[in-house]
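Below is one structure, written out as structure tokens; comments come after it.
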Amino acid sequence: MYAIIEDSGTQIMVREGDVIDIDLRDLKGARTVTFAKVIAKGAGDGTAATIGAPYISGASVTAEVMDDAMKGPKLRLSKYSRRKGYRRTKGSRQEYIRVRVGAIA
């Protein structure tokens with residue numbers, strides 16, 4: 001069984017047991033995350049999938065938190081103006097939460 005969920009403006013295809021990285025959020029000590037914005041849900045055996053308009057009502061995906069506040073790869077941004085001696089470099093690292101997908105209901 002698979003589902004396509006929406007989280008922080010991105011669409012993610014998940015199956016039970018998948019490990020995904022999602023944007024950092026305040027969990028307030030909770031060890032599970034529930035995704036209520038399910039766009040599509042299917043069995044994965046070639047039968048037609050259920051598609052919401054825009055979301056499937058009553059559908060949800062539950063995931064357990066594995067790691068809090070992981071850091072992603074370093075991204076670099078460079079600005080440059082030719083013949084002016086102007087160069088600037090900035091860097092940042094996005095923080096993520098790693099979760100394991102459990103039940104698709």
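The values are calculated or read from the model by the stated rules, or taken from the named source; none is laboratory data. Quick caveat, the model's predicted, so the values are computed rather than measured. A quick note on method: Cβ atoms are made from the backbone with ideal geometry, for glycine too, and the neighbour counts reach across all protein chains shown.
The table below lists the values:
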| quantity | calculated |
| --- | --- |
| Hey, A69 under 15 Å from the mean Cα position of the chain (by Cα), surrounded by 15 or more Cβ atoms within 10 Å (Cβ to Cβ) and within 24 Å of Y96 (Cα to Cα) or not | no |
| Checking R87 against (1) surrounded by 11 or more Cβ atoms within 10 Å (Cβ to Cβ); (2) in contact with a strand residue (DSSP E or B) (Cβ under 7 Å, 6 or more places away or on another chain), the condition it does not meet | (1) |
| Matching option when the condition is under 24 Å from K71 (Cβ atoms), modelled with pLDDT of 90 or more and touching an Asp or Glu at 6+ places or on another chain (Cβ under 9 Å), among I12, I39 | I12 |
| Among the residues listed as R15, R93, the single one being surrounded by 11 or more Cβ atoms within 10 Å (Cβ to Cβ) and touching a Pro at 6+ places or on another chain (Cβ under 8 Å) | R93 |
